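For reference, the structure discussed in these notes is given below.
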Amino acid sequence: MTTTDDEIFKMHGGKNPGVLSMKPRFDVTDREQLGKAYTPGVAKIAKLIAKDPQAKNEYTMSGKLVAIVTDGSAVLGLGNIGQAGGLPIIEGKALLYKDLAGVDAVPLALNQVPVDEQVETLKNLADSFAGFHLEDIAAPKCFELEEKLAQLVDIPVYHDDQEGTAIVVLAALMNACKVAHKELKDLKVLINGVGASGYATAKLLLAAGINKLILVDKEGPITAEDTNYNRYQRQLAEESDIKTKFESLDDAIEGVDAFIGLSVGDILSADQVKKMAQNPIIFALANPKPEIDPQVAHDAGVKIMATGSSQYPNQVNNVLVFPGLYRGLLKSGIKKVTPELEITIAQGLSDRIKNPTAEKFISGVFDDGVVDTVTQTIIDFANR
């Protein structure tokens, strides 16, 4: 079924623009209800919170409201489209939060100012929210923003392009290994594209015990000494067990078990795939065009493959994670999304597929129970 531009603009526009609206918990129909919901009743709530600020979480929506924050500097497939341009994306994510997990979320556009200004702004807004979901903020700025903000606020700070992507990649890789008859911790993995998603994925794979990583970005393979790359990327190269200085992607892919692409379309060739180890695993996650066309990969002998697109089997998409993740954080009271928690969520998603095959080794976005699995995994983690 083909969707036209007119249908898209009609859905998002009109007399009631956007895909979200504010809905009250109850209707105010008489003076008594008005007095309880607003003045003079709210004075009692306000005085209680003045004495005990944490009571706001129990008596205002701040205890259940997630802020989805973007400056629009790195929107998948669109690039830097500005903070206003980023609003439709985060509004759509707020819709998915509510529709898939019953979580209330509000989109916030943040000006593209220096990171310390962004941190200060969000810190000053923190009392209004139960968590920050960062979205479409360019690397390396997003690393510093998340790191600094998390140190200053007592609510979860989660970057979906980083942690969400990394969790789903790890979950899919766990099951892809079963299909390929490979041990997860023995894998030699090449990550192509070490921006926000690639960086976080590499960090999580290292935390999961996958130490043989090769990192490739725009200027070629990354080494710890390469000043073409930022300190975050160089640190990853330092943590990897592989210290070989490769000349190019073509050189680096020799004997690799798994290729994880978080970069641009058509960057991986059939000839390069043939240089990989037996039973290669290909995650070509660039959108809208993957790093290698699935048919080209198949013709080159690849059986175990994932993309970032719903057009093909095994879609690796962070929508599998974020709705259930924040519902789980709100229910459990967990304040930090740690690597240990991320690995636990990945394992929970992986375990949903009892008998993984090349055709299906990761859950689909609309499979029953995905959100519940992530939520319960977090609650169980908190109660250990």
query = What are the residues whose amide H is under 5 Å from the amide H of residue 188, where those residues sit 5 or more places off or on another chain and H is modelled from the backbone?
reply = 257, 258
request  = Quick one: of 98/182; 10/335; 47/331; 23/123; 141/336; 10/303, which pairs are farther than 30 Å apart, Cα to Cα?
outcome  = 98/182; 10/335; 10/303
remark   = With the dipole of the range 160-384 defined by +1 on each Lys or Arg Cβ and -1 on each Asp or Glu Cβ, the option from 252, 345, 170 whose Cα lies farthest towards the positive pole is 345
key: Distant-in-sequence amide H partners of residue 261 (H built 1.01 Å from N, under 5 Å)   = 192, 283, 284, 285
request  = Enumerate the lysines that residue 44 could reach by cross-link, defined here as Cα to Cα under 21 Å, with residues fewer than 8 away along the same chain left out.
outcome  = 36, 56, 64
inquiry  = With just the Cα atoms defining each centre, how far is the range 21-94 from the range 309-363? Give it in Å.
reply    = 27
query = Which aspartates and glutamates have a Cα less than 14 Å from the Cα of residue 212, not counting those fewer than 8 places away in the same chain?
reply = 183, 186, 238, 239, 241, 254, 257
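Which of the peptides 113-126, 20-33 is most tightly packed, and how do the rest follow, judged by the mean count of other Cβ atoms within 10 Å per residue?
113-126, 20-33
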note = To the nearest 20 debye, the range 5-155 has a Cα-centred charge dipole, built from +1 on Lys and Arg Cβ and -1 on Asp and Glu Cβ, of 740
ask   = Assigning unit charges at the beta carbon (Lys, Arg +1; Asp, Glu -1) and nothing else, what dipole magnitude in debye, to the nearest 20, does the chain show about its Cα centre?
value = 1240
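Hey, fewest Cβ within 10 Å first, where do 373, 165 land in order?
Ranking 373, 165 by Cβ neighbours within 10 Å, fewest first, gives 373, 165.
Please give the length that would be gained between residue 380 and residue 46 if that part of the chain were fully extended, namely 0.36 nm times their separation in residues minus their C-alpha to C-alpha distance (nm, one decimal).
Numbers: separation 334, 0.36 × 334 = 120.24 nm, distance 3.43 nm.
Extra length from residue 380 to residue 46 when fully extended: 116.8 nm.
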Span-like helix ranges in the chain, DSSP H, alpha carbon extent 20 angstrom or more, Kyte mean at least -0.5 = 165-180
inquiry  = From the phi angles alone, apply the Karplus equation (6.51, -1.76, 1.60; θ = phi - 60°) to the range 313-320 and give each ³J(HN,Hα) in whole Hz, x where the residue is Gly or Pro.
reply    = x, 6, 7, 9, 9, 5, 5, 5
request  = Using only the alpha carbons of the range 160-384, determine the length spanned along each of the three principal axes and report them from longest to shortest in whole angstroms.
outcome  = 49, 38, 31
note = tail above 14 Å in the computed P(r) of the range 258-349, as % of all Cα-Cα pairs, reads 68
inquiry  = Using the Karplus curve 6.51 cos²θ - 1.76 cosθ + 1.60 with θ = phi - 60°, what ³J(HN,Hα) values do you get for each residue of the range 278-293, in whole Hz, with x for Gly and Pro?
reply    = 4, 6, x, 10, 10, 10, 9, 9, 5, 10, x, 10, x, 4, 8, 4
query = Can you give the Rg and Dmax of the range 1-103 based on its C-alpha atoms, in angstrom?
reply = 19.0, 57
task = Quick one: order 381, 132 by neighbouring beta-carbon count within 10 Å, fewest to most.
result = 381, 132
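Every read-out reported here was derived from the displayed coordinates using simple, explicitly stated rules and does not represent laboratory data. Since we're looking at a predicted model, the values are computed, not measured. Methodologically, a virtual Cβ is constructed for each residue, glycine included, from the backbone with ideal geometry; neighbour enumeration extends over all protein chains shown.
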